[in-house]
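Heads up, the thing below is written out as structure tokens.
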Amino acid sequence: MVSPFLFFPGERLALTELSAACLDGLLVPLGEGFMPADAVETVWMRARSLSPLLGERWAGVRLTAAWVHGGTATEPRRHHLQRVGPTRTRARDATRAVFHDVRLPVADTTLVAGVHLSTPGRTLADLARSDDEGEGAAAIEWAASDVESRHEAQAWLARHPTFPYGRRGAALLADVAAQR
């Protein structure tokens, strides 16, 4: 499906033409494509811009899903993808993405603009459980600004008490809630 607001290399214009339009100030990069400089960046556009990378077999998780859901303002340098299909598959290009071959449960996925993403609650829980400083900071910022997602993440962690580093995540979210 060709979008009037998203341009992907080789779809209507070559990468060189899209890059020239960026230099002219007409387009800006977004995900795996480009969008008009004066268009509003929405959840749908962020999700759709990742469709060439995600395809039907992968879901955006962690900072990638947080960016699409609006939990963090900047697009991650490397996207995190997790398998949604029942069969294992080979990763295509590992330069722009980190592939996690553990299957993401259907209950933890949502479909936005035709691409799979982890739900906001699962995404925030994953970020809160992480030992990465950037992901932890993003989790604190998102949990402080979005009470609904924080409650979803706390409920997800309560339903999965044996998940690795679940106590770390629950403690981080509880600290954020206590500060509010």
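The values are calculated or read from the model by the stated rules, or taken from the named source; none is laboratory data. It should be emphasised that the depicted structure is a prediction, and the values quoted were computed from it without experimental measurement. Here the Cβ is made from the backbone with ideal geometry for all residues, glycine too, and neighbour counts use every protein chain on show.
Just to be sure I understand, how many residues within region 61-78 are of a type in the set (V, I, T), touching a residue at least 60 places away in the same chain (Cβ under 8 Å) and in contact with a His (Cβ under 6 Å, 6 or more places away or on another chain)?
1
Which residue, of T42, T110, T74, is among the hydroxyl-bearing types (S, T, Y), surrounded by 15 or more Cβ atoms within 10 Å (Cβ to Cβ) and within 28 Å of G136 (Cα to Cα)?
T110
Here are R12, R83: which of them is among the charged types (D, E, K, R) and within 18 Å of the chain's Cα centre (by Cα)?
R83
Can you name the condition, by its number, that R62 falls short on among (1) crowded, with 20+ Cβ neighbours inside 10 Å; (2) on the phi < 0 side of the Ramachandran plot?
Answer for R62: the failing condition is (2).
Could you please find all residues in region 120-144 being of a type in the set (G, A, S) and without any contact (Cβ under 8 Å) to a residue 24 or more places away in the chain?
A137
One line per residue, one yes/no per condition, for (1) modelled with pLDDT under 95; (2) assigned to a helix (DSSP H, G or I); (3) in contact with a Gly (Cβ under 7 Å, 6 or more places away or on another chain):
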site: R90; (1), (2), (3): yes, no, no
site: F99; (1), (2), (3): yes, no, no
site: L111; (1), (2), (3): no, no, no
site: R122; (1), (2), (3): no, yes, no
site: D126; (1), (2), (3): no, yes, no
site: A139; (1), (2), (3): no, yes, no
site: H151; (1), (2), (3): no, yes, no
site: A155; (1), (2), (3): no, yes, yes
site: A177; (1), (2), (3): yes, yes, no
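Counting only residues that are in a helix (DSSP H, G or I) and over 21 Å from the mean Cα position of the chain (by Cα), which one in region 157-169 is nearest to L104 (Cα to Cα)?
Looking at the filtered set, the residue picked out is R159.
Restricting to region 51-69, name every residue that is within 9 Å of the chain's Cα centre (by Cα) and either at pLDDT below 95 or in a helix (DSSP H, G or I) (or both).
R62, L63, T64, A65, A66, W67, V68, H69
Answer yes or no: is there a residue in region 145-152 that is over 20 Å from E41 (Cβ atoms) and polar (S, T, N, Q).
No: region 145-152 contains no residue that is over 20 Å from E41 (Cβ atoms) and polar (S, T, N, Q).
Looking only at residues in region 1-51 that are of a type in the set (S, T, N, Q) and touching a residue at least 24 places away in the same chain (Cβ under 8 Å), which one is farthest from V112 (Cα to Cα)?
S3
Given L81, L117, which one is touching a residue at least 40 places away in the same chain (Cβ under 8 Å) and crowded, with 16+ Cβ neighbours inside 10 Å?
Only one candidate qualifies: L117.
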